[in-house]
Amino acid sequence: MNFTSRLTKGETIAALAWIPVHIVALPELLGLLCRFGRMDVTAANLILYAAGAVYMLAFLGRFLRREFDPLCDRPFYCILQVAGSYLAMVAFNALFAALLLLLSGEEIVMNPNNEAVSGLAAESPGVIKAVGIFLAPIVEELMFRAGIFGAIRKKSRILAYIVSMLAFGIYHIWAYLLQNPLYVLFIIQYLPVSWLLCRCYERTNTIWTPIFLHMLVNAVSMAAIERLAAL
């Protein structure tokens, strides 16, 4: 694959440096504020991702601007990659859902992360939509695809896929593992979409295609949650 990361060394460091802040430091601080009644969980999630978006725009804004060039050079190809990746994700999800059911039996009913998002969406649908559809894809793709995948891809394509995919899956589940170690099985659910996000980035050579794919996935998920809540 003719892939070249356009992140400078400083931008790569900035993208990777935000990961522990986003996953550990800021959630711990916001969690304390929630426990002491200073804010609710919805506000904490909004602050977490809004802070990440501001940080990314400040330190990687020029990178995002540079990434528009290949997107504009081959817009239809990029659209086809996003659409094709989404359809592939739907097929993979059906397969992996069956595998997950086989492995977990009846002990685990629902992905705890999806359950938490559903609960928040029921309370504050507008805020959660803004976070899930617009803020989260930008922050997460710059961390996991531009940062982790882009940095490792320069040395090893296979390792870049493995590390980025596992990191993305663990990121969505690790906070729930103390409740039930079997929740680790839900990492399987994130592997197909993570692989497709990496593949989309690699094939189009612009970070905007995985961002748009991520936005599409989250938008459809939010619509499904809203529809289920209305039943």
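The values are calculated or read from the model by the stated rules, or taken from the named source; none is laboratory data. Quick caveat: nothing in here was measured; it's all calculated off a predicted structure. Quick reminder, even Gly has a Cβ in these numbers, built from the backbone with ideal geometry, and neighbours come from all protein chains shown.
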Is it true that some residue in the range 6-18 is of a type in the set (D, E, K, R) and under 17 Å from ILE211 (Cα atoms)? yes
In this structure, does ILE152 turn out to be touching a helix residue (DSSP H, G or I) at 6+ places or on another chain (Cβ under 9 Å), farther than 19 Å from ASN2 by Cα and at pLDDT 95 or above? no
Determine whether MET165 is touching a His at 6+ places or on another chain (Cβ under 8 Å), at pLDDT 95 or above and crowded, with 20+ Cβ neighbours inside 10 Å. no
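Give, as residue ranges, the helices (runs of 4 or more DSSP H) completely inside the range 19-94 that count at least 1 residues that are among the polar types (S, T, N, Q) and in contact with a Ser or Thr (Cβ under 8 Å, 6 or more places away or on another chain). Before you say what the answer is, go through the steps one by one.
Working: elements: 26-35, 41-66, 68-73.
So the answer is 41-66.
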Sort out which residues of the range 168-193 are surrounded by fewer than 18 Cβ atoms within 10 Å (Cβ to Cβ) and at pLDDT 95 or above, and write them in order of number. ILE170
Inter-residue pairs, beta-carbon under 6 Å, first free of Cβ contacts under 8 Å to residues at least 12 places away in the same chain and in a helix (DSSP H, G or I) and in the range 119-147, second buried (at least 20 other Cβ atoms within 10 Å of the Cβ) and not aliphatic (A, V, I, L, M), 6+ apart: none
Looking for something surrounded by 11 or more Cβ atoms within 10 Å (Cβ to Cβ), over 22 Å from ALA175 (Cβ atoms) and either among the β-branched types (Val, Ile, Thr) or modelled with pLDDT of 95 or more (or both) - is there at least one such residue anywhere in the range 93-108? no
Restricting the range 1-36 to residues that are modelled with pLDDT of 95 or more and touching a Gly at 6+ places or on another chain (Cβ under 6 Å), which is nearest to ARG66 (Cα to Cα)? LEU7
Regarding the range 211-224, can at least one residue be identified that is under 20 Å from ARG62 (Cβ atoms), part of a helix (DSSP H, G or I) and in contact with a helix residue (DSSP H, G or I) (Cβ under 7 Å, 6 or more places away or on another chain)? yes
Only one of MET56, MET89 is closer than 24 Å to GLN189 by Cα and touching a residue at least 24 places away in the same chain (Cβ under 8 Å); which? MET89
Considering only the range 44-87, state which residues are of a type in the set (Val, Ile, Thr) and more than 23 Å from ALA130 (Cβ to Cβ). ILE79
